Amino acid sequence: MTEDQKHLLSQLKPGQHFTVQKVNAKGEIRRRLVDIGFLKEEKGVVIREALFCDPIEVEIKNTKVSLRRSEAEMINIKVMEQ
Amino acid sequence: MIFNRHRHHHREHHGHHACRKIKIAIAGNPNAGKTTIFNYLTGQNQKIGNYPGVTVEKKSGHLFHGRHEIELVDLPGIYSLSAYSLEEIVSRDFVINDKPDVIVDILDSTNLERNLNLLLQFQELGIPVVGALNMSDEAEEKGIQINVEQLSKILAIPLVKTIGTKGIGLKDLMRMAVRVAHGSINTSRRHINYGVEIEDAHHKIIRQLKTDPDFCHQFPSHWMAIKLLENDPDALLKVKQHHRHGEAVLLETQKIIQFIEKHFGDHSDVVVIEQRYGYIHGALQETLKQNQNTTNTTLTEKIDNIMLNKYLGIPIFLLIMYLIYQFTFTLGDPLGLVIEQLFAGLKSVIQKTFAAGIFRDFLTDGIIDGVGGVLVFLPLVVFLFMGLSILEDTGYMARAAFVMDKFFHIFGLHGRSFIPFMVSTGCAVPGVMSARVLSNPKDRLVTILVSPIMMCSAKTPVIAILSAVFFPKNAGLVFWLIWISGWIFAFIFALIFRKTLFAGEQTPFVMELPPYRIPTVRGIFQHMTEKSGEYVKKAGTVILAASVIIWFALNFPKPPENFTSNAEQPETGLSIETLHPSAIEQSYGGKFGKFLEPALRPAGFDWKIGVALFAATAAKEVFISTLGILYGIDEAPETDSETGLQEKIKMDPAYNPLMALGLMFFIMIYIPCIATLAVVKKETGSWKWPAFQAFYTLVAAYLIAVAIYQTGILLGYGV
Ligand SMILES: Nc1nc2c(ncn2[C@@H]2O[C@H](COP(=O)(O)OP(=O)(O)OP(=O)(O)O)[C@@H](O)[C@H]2O)c(=O)[nH]1
Ligand SMILES: [Mg+2]
C-alpha cells in the first residue's frame, strides 16, 4: 500500500479505501463522527454516492454509515491503494 | 434462601418499603432493539421500526417478574452520553435525574464495538448496568462468536444473550436485572483505565468536585469529572450553576484540558473516546471471533446495489410510493363500498323503525352520513399503513433518507426531516412529534411548520373522493400528483422559512444504514390495528361531535312555518328535505357559507364548500361528512337516498374538474387539523407557532386555489 496526496474523505470516489487521520470539526458533529467510529487509524471504504455525488455511504467499523460530503470534508484521511 | 436474606438486608439498609418497585431503564444505541424488548416485556405497542431514531420520548411500562414489580422505561437510542441531540438529552436526563435501579443496555451484537462505547459510559455513571447481547441471531448468521462469560468478566458487567423479536433470553435478562437491583450480583464499579495522563487528570478534577459534597451527591463525581474532561457543554453548565466553587473547578478543568490537548495533539473529548475504543478493542480481541468465510457480499449489499444506485435511487423511491398508493386504492376501494352499503342498510332500517321527523333526520343525515361517510375510508387507511409499515420495518426508510437527502438539503432541510415528512404522510400528529429526531431547533421548527402540508390519512379520503369523482379515468394518477405536490409545497415553504425566519446552521446528517430485515407479521399487524384504531376513535369522537354540531348548524334555525312540511306529516316521508336549498341557506351554517361565498368565488368554490372547509378544520375527513350532511339534507325526494355521495357531488352542476383541482390543493395546504395544531403547540411550547402555521397555510392555500382556477378559466377549462 502506498499513500496518495489526497487528504479529505470528501475527495474520494466509490471503491477507494482510506485510513482516518483526524476529525476537523466542532461540537455535535465532531462528537457524532468520533462516536460512530471515525477515529485515528480506523480503516474504511467508500461504498457509493447518491445522485449529484452527495451524500456518500462509507463502511466503517463493520457497518454502513451515510454522511454528507460537507461532513466528509471534515475528516482527514490517508488514501490506501489496494 | 440466601438470595432473600440478602434482599431483606439490603432493604433495611436503605430503609425501603416492603414491596419496592424496581425501576429499570432500557437504553442503548439507536436501532438495537430496545423498543422490541420493551414491548415484549410490557405487552405494550410502542412504535418499532428498522431505522435509527424511532423512539423519541421515554415510555414507561410495568411487569411482574416473580413477585417483583418492575417499572421499565424505554429510552431513545443514543451513541453517547453527551447532550447535543434531544434523544441524548432525554436519555441522559432520565438516567441521571431519575436514578433507575438498573440500566439494561440493549447491545447490537453484530456491532459490539460501537455499542460497548455507550455501555462503558453507563458504567461510569455508577448505576448498575446489565448488557443484553441482542440480535444474537444475526450475529450468528454473520459468523460472529462471542465468549459471553469472558467478556462479562473483563467488563465486570453481567451480559445476557437475547433475540428481541422472538423474546428469547428476556426472562434471563429480567432475572439478572432484578438480582443486580437487589445487589445479589456484584457489579463492581470498575471503570476502564484511560491511561496514566488521563487518569491523573481525572483524579485531579474529582478532587476539585469533592469540595462540594452536595453537588457530588446530585451528580456522580466520577462521571462528572470525565464529562468535564471532555469539555461537555452541559457538564460545564451544571458545575457553573450548581457547584459551590464552580469558578475554581472550571478554571482548574481548563488548565487540565489544555495540558491533555497539548500532550495528545487532539481535542480532549476525542482523546477520551479513542482511549475507550482502545480498551474495547482489547477486550473484544480476546472474546470475539469473526468467521472470515462470510465476508462475501451480503444480501443487504446486493439489495442496496439496486436500491441506492446513483441514478435509479430516486425513481425507485417514487415508484415504491406510487405502488403503495395504487395498492391501497385497488384493495381499499371495493371494501369501502361494502362499508358504504352497510351504512346505507343501517340508514334504511332506521328510516323504517322511526317515524319521520327531526330526530330521524338527525340520526340518518347527521350521525350516519357524518360518521359513516368517514368510516367508509377505513380500508384505505388500513392498507396505506400496511404499506408504510413494511417500508419502515424492512429498513428502506433509512435508504430513502440517503437517496433524498441532497434534495432535502437544497431546501435547507435535513435528510432526517424525511422521517417526520414520511410519518406525516400517515398522520401529521405523530409526524410533528417525530420531528424530535432533528436536534437543531431551527431544522425542527421548520419541519414542524411545513410537514402537515403532506398528504395524511385524513386528507387521503377527501382527495381520493374528489379525484374519483372528477377524474374517474385517472383517479390514481391525479391522487399521486396531489401527493407529490404536498411534498413540493412543503419544500417550497421550508426553503422560504429557511431563508427568512430561520437562517442558520444545520446539524449532522451522519446516520447508520441498518441491514434489511424481514418485517414481522405481528409488527405490521400492530401498526395497522393501531392506526385503524385511532381512525375509528377519531370517527367516534371528533368527527361525531363535528357532525352533530354541523348538522345543527345546517338545520337551525328552522325555516318559517309556512315553509315546513316536516314532522307533522310523517306519511309523506318527506321532512325538511322538500324545502331547501333555501332552508339550508337560511340556517346558521348556510348563512356563514353565504357570508364566505364572495371571498371564495375567485377560487370557484360555492358556499357549501365554504361550510365544509370551515368544518374540516376540526379534522380533514369532516370535509366529506359535511358534504354528506349537506347532500343528505339536500336530497330531492325522488332521488334514491342510497345514492353515494360521489354521485351526488358529480351531479351538482356547480362543480367541475377545474374547481376540484383547486379545491384539492386548497385542502392539502390550508390550516392543519385541530389535533395537529394542538400538538404543534405542545412541541413548540407556545401558541405563537400553531397560530402562524394556520395563518400562512390559509393564505397560501387561498392564493394557490385562486391562481389555479383563474388560470384555468383563462385557458378555457372553465366548464
Ligand atoms: N434479527 C433481529 N432483529 C431484531 C432483534 N431485536 C430487534 N430487532 C429488529 O430491529 C429493529 C429495531 O428495533 P427497535 O425495537 O425499533 O429498536 P430501538 O432500539 O427501539 O430503536 P430506536 O428507538 O430507533 O433507538 C426492528 O426492525 C426489530 O424488528 C433481534 O434480536 N434480532
Ligand atoms: Mg425504540
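The values are calculated or read from the model by the stated rules, or taken from the named source; none is laboratory data. Keep in mind that what you see is a predicted model, and the values were worked out from it rather than measured. A quick note on method: Cβ atoms are made from the backbone with ideal geometry, for glycine too, and the neighbour counts reach across all protein chains shown. Just so you know, the surface numbers come from the protein's heavy atoms only, side chains and all, with ligands and any DNA or RNA stripped out. Shrake-Rupley method; radii C 1.70, N 1.55, O 1.52, S 1.80 Å.
Listed values, structure above:
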item: Per-peptide average of other Cβ atoms within 10 Å, ordering A:66-77, B:345-356 highest first; result: A:66-77, B:345-356
item: Between 0 and 90°, nearest 10: helix B:459-470 axis offset from chain B longest Cα axis; result: 30
item: Average accessible surface area per residue within the protein assembly as shown, 1.4 Å rolling probe, Å²; result: 42
item: Solvent-accessible area buried by A and B, counting both chains, probe 1.4 angstrom, square angstrom; result: 3800
item: Among beta bridges that DSSP assigns inside the protein assembly as shown, antiparallel share in %, nearest 5; result: 65
item: Magnitude of the charge dipole, the protein assembly as shown, Cβ model with Lys/Arg +1 and Asp/Glu -1, debye to 20; result: 1620
item: Restricting segment B:21-102 to GluC sites (Glu not before Pro) in coil, as DSSP defines it, with at most 14 other Cβ within 10 Å; result: B:GLU57
item: Counted charge near B:VAL432, where neighbours are those whose Cβ lies closer than 11 Å (Asp, Glu -1; Lys, Arg +1); result: +3
item: Within straight-line cross-link reach of B:LYS210, lysines at Cα separation under 26 Å, skipping those fewer than 8 residues along the same chain; result: B:LYS99, B:LYS227, B:LYS238, B:LYS240, B:LYS255
item: Sequence-distant residues sharing a close amide H with A:ARG48 (under 5 Å, placed H); result: A:GLU57
item: Dipole of the protein assembly as shown, positive direction: furthest Cα of B:ILE358, B:ALA27, B:HIS222, with charges on the beta-carbon; result: B:HIS222
item: Listed residue (A:LEU51, A:ASN62, A:GLN21) projecting farthest to the positive dipole end of segment A:6-80, Cβ model; result: A:GLN21
item: Full-stretch length increase - B:GLU585, B:LYS289 - with 0.36 nm per residue and alpha-carbon distance subtracted; result: 98.6 nm
item: Surface accessible to a 1.4 Å probe, B:PHE411 within the full protein complex, Å²; result: 40
item: In order through segment B:106-123: 3J(HN,Hα) via Karplus (6.51 cos²θ - 1.76 cosθ + 1.60), integer Hz, x for Gly, Pro; result: 7, 9, 7, 5, 7, 8, 5, 3, 5, 6, 5, 4, 7, 3, 5, 5, 5, 4
item: Relative contact order %, chain B, counting alpha carbon pairs below 8 Å whose residues are six or more apart; result: 11
item: Signed unit charges on C-beta, dipole axis of the protein assembly as shown, positive-most listed residue B:PRO334, B:ILE168, B:ALA707; result: B:ILE168
item: Cα gyration tensor shape for segment B:7-181, rounded if a/c is under 1.5, else prolate or oblate; result: rounded
item: Relative contact order of segment B:7-181, pairs being alpha-carbon contacts under 8 Å that are 6 or more residues apart, as %; result: 22
item: Alpha carbon centroid spacing (whole Å) that separates segment B:87-131 from segment B:46-76; result: 14
item: Spatial separation of Cα centroids for segment B:434-459 and segment B:357-381, in angstrom; result: 32
item: Rounded to the nearest 10 Å², the accessible area of B:LYS47 at probe 1.4 Å; result: 80
item: In order through segment B:596-601: 3J(HN,Hα) via Karplus (6.51 cos²θ - 1.76 cosθ + 1.60), integer Hz, x for Gly, Pro; result: 6, 3, x, 5, 8, 3
item: Mean residue ellipticity (222 nm) of the protein assembly as shown, computed from DSSP H runs ≥ 4 via -39,500 (n - 2.57), nearest 500; result: -17500 deg cm²/dmol
item: Placed amide H near B:VAL130: partners under 5 Å, 5+ positions off or other chain; result: B:ILE103, B:VAL104, B:ASP105
item: ³J(HN,Hα), Karplus 6.51/-1.76/1.60, whole Hz, each residue of segment B:268-284, x for Gly, Pro; result: 5, 5, 5, 4, 4, 5, 4, 5, 5, 5, x, 4, 4, 4, x, 5, 6
item: Sum of side-chain charges, B:PRO657 neighbourhood, beta-carbon under 12 Å (Lys, Arg +1; Asp, Glu -1); result: +2
item: Environment charge at B:VAL536 (Cβ cut-off 13 Å; Lys +1, Arg +1, Asp -1, Glu -1); result: 0
item: Subset of B:LYS591/B:LYS620; B:LYS473/B:LYS608; B:LYS21/B:LYS289; A:LYS61/B:LYS47 violating a 32 Å alpha-carbon distance limit; result: B:LYS21/B:LYS289
item: Per-residue average of Cβ from other chains inside 10 Å of A:42-54; result: 4
item: Residues of segment B:506-533 buried by at least 40 Å² on assembly (accessible area, 1.4 Å probe, chain alone as reference); result: B:PRO508, B:PHE509, B:VAL510, B:LEU513
item: Cα gyration tensor shape for chain A, rounded if a/c is under 1.5, else prolate or oblate; result: rounded
item: Most to least accessible of B:HIS65, B:HIS267, B:HIS243, B:HIS203 (protein chains only, probe 1.4 Å); result: B:HIS203, B:HIS267, B:HIS65, B:HIS243
item: With DNA, RNA and ligands ignored, accessible area of B:HIS242 (1.4 Å probe; Å², nearest 10); result: 90
